[in-house]
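The structure under discussion appears below in the form of structure tokens.
The values are calculated or read from the model by the stated rules, or taken from the named source; none is laboratory data. Nothing here was measured: the structure is a model prediction, and the numbers come from that model. With ideal geometry, Cβ positions are generated from the backbone for all residues, glycine too; neighbour counts draw on all protein chains shown. We work out accessible area using only protein heavy atoms, side chains counted, and drop any ligands, DNA or RNA first. Shrake-Rupley method; radii C 1.70, N 1.55, O 1.52, S 1.80 Å.
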Amino acid sequence: MVSRRDFGKLALAGIPLSAAWSASDSLIGGVRLGVDTYSYRDLLRNPGHDNVDDVIRALQFAGVHEVELSSANSEPAGPNTGPAVPPPPSAYPPPITAPKPEEVAAAKLAVRNDLRRWRLATPAANHEAIRGKFQAAGLSLFAYRVDYDEQFTEPEIDVTFQQAKALGVEAIASLTTMNTARRLAPFAEKYGMTVALHNTAGEKDPNAIASPQSFVTALAMSNHFRLNLDIGHFTAANHEAVAFIQENHASISHIQIKDRTRNGGGNERFGDGDTPIKDVLTLVKEKKLPIPLFVEYEYLGLGAPREEVGKCIAYVKAALA
């Protein structure tokens, strides 16, 4: 367990960051509850277009008001990579030729380069308009999630911070690595933007932000860095979420709620895994911790995304009752 002193050195002076953000309408038992739009990753997409309108309708169906917006929802979808339409029946069907590995790699690189060009060419007014759509729908954007990797160029990183500013969020959430986090630090300083580092369960990777000790190392890179604690990943890495939050809540910007099993196990329906969701909710409620909680639907559900998100929210609400 990382000591309170270690994390205390990294916390903001005075009140925690999350306490400075405005109160949400999504208060359940005094706890701020929202949805990470990554939960809607399976919504149908039209190549070349974002799906903000569909996401907004799904969020309204969920009945929450606070949002972590994934960049995948605000950016244009790439080409359709789903299964090809089968040819009509024929007595002499054409041979099926699988693409070569180098062809697959070239296609992926082309899609990635197209996205970079779009980011660099798109004015801030685009994301200001997206912000306006959420506001008109009664939804509050808390964070903008951009999962940075080594493919991001310096200008591309810079423009994502401009996008976050245009969206009016106070934080960029990112599932990233130690090496990439170091590259983000000067941009966080330049824009005065909090970067909330989303942990993983991959502790065997020395470049991963996964263990409590790695949190200390990562947060020390910038006084603008905070932790977006994913309690599902934390549990899968065999750590104790409740004790960690008790000791280190001042350095946590927000919490991702999902259920996983220990020892690197998979995602489960809420209540079926090993993640102490109810205990975490009780802690936040009883201690009145000003940390927003975001449902992240990631297990393989049988229903449509908005239905499964609804089940997750219902579980959380019942636990907070």
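Per-residue extension of 0.36 nm, minus the Cα-Cα distance of residue 154 and residue 285, leaves a gain of 43.1 nm for this segment.
Each Lys or Arg adds one and each Asp or Glu subtracts one; over the other residues with Cβ under 13 Å from the Cβ of residue 202, this totals -1.
Between region 243-321 and region 60-139, the C-alpha centres lie 28 angstrom from each other.
Distance between the modelled labels on residue 204 and residue 120, one decimal in nanometres: 3.8 nm (7 Å Cα→Cβ projection). Sequence-ordered 3J(HN,Hα) estimates for region 271-277 from the Karplus curve with 6.51, -1.76 and 1.60 and θ = phi - 60° stand at x, 9, x, 9, 5, x, 4 Hz, glycine and proline given as x.
Along its first, second and third principal axes, ordered by size, region 37-180 spans 59, 38, 27 Å in Cα coordinates. For the chain, the C-alpha radius of gyration divided by 2.2 N^0.38 Å, with N the number of residues, is 1.03. Here's how it looks for residue 225: its modeled amide H is under 5 Å from those of 195, which are all 5 or more places away or on a different chain.
Summed over qualifying helices (DSSP H, 4 residues or more, each -39500 (n - 2.57)) and divided by its residue number, the chain shows a 222 nm mean residue ellipticity of -12500 deg cm²/dmol.
Each of 254, 49 has its accessible area taken with a 1.4 Å probe; listed largest first, they run 49, 254. With the simple spin-label model, which puts each label point 7 Å out from Cα in the Cβ direction, the residue 90 to residue 272 separation comes to 4.3 nm. Between residue 129 and residue 113, the modelled labels are 2.7 nm apart [label points 7 Å from Cα along Cα→Cβ].
Figure note: 283, 44 ranked by solvent-accessible area, largest first, 1.4 Å probe, ligands and nucleic acids not counted: 44, 283. Here is the size of region 139-212 from its Cα atoms: Rg then Dmax, 12.4, 38 Å.
Beyond 19 Å, what percent of the Cα pairs of region 199-285 remain?
Percent of Cα pairs beyond 19 Å in region 199-285: 34.
With a Förster radius of 30 Å applied to the beta-carbon distance between residue 314 and residue 53, the computed FRET efficiency rounds to 0.75.
For the residue pairs 165/288; 288/317; 165/287; 165/311; 190/258; 287/317, the alpha carbons lie more than 22 Å apart in 165/288; 165/287; 165/311; 190/258.
Its alpha carbons considered, region 162-321 gives a radius of gyration followed by a Dmax of 15.8, 44 Å.
Seen from residue 283, the other residues with C-beta closer than 12 Å to its C-beta sum to a net charge of 0, counting Lys and Arg as +1 and Asp and Glu as -1. Proximity of backbone amide H atoms, modeled 1.01 Å from N, is registered between residue 257 and 294, 295, 296 at under 5 Å, excluding neighbours fewer than 5 places apart on the same chain.
Each Lys and Arg contributes +1 and each Asp and Glu -1, all at the Cβ; summed about the Cα centre of the chain, the dipole is approximately 440 debye.
For residue 315, the accessible area of its heavy atoms, probed at 1.4 Å with every protein chain present, is near 50 square angstrom. When 97, 235 are compared by accessible area at a 1.4 angstrom probe, the order from most to least is 97, 235. Rolling a 1.4 Å probe over the protein heavy atoms leaves residue 286 with an accessible area of roughly 140 Å².
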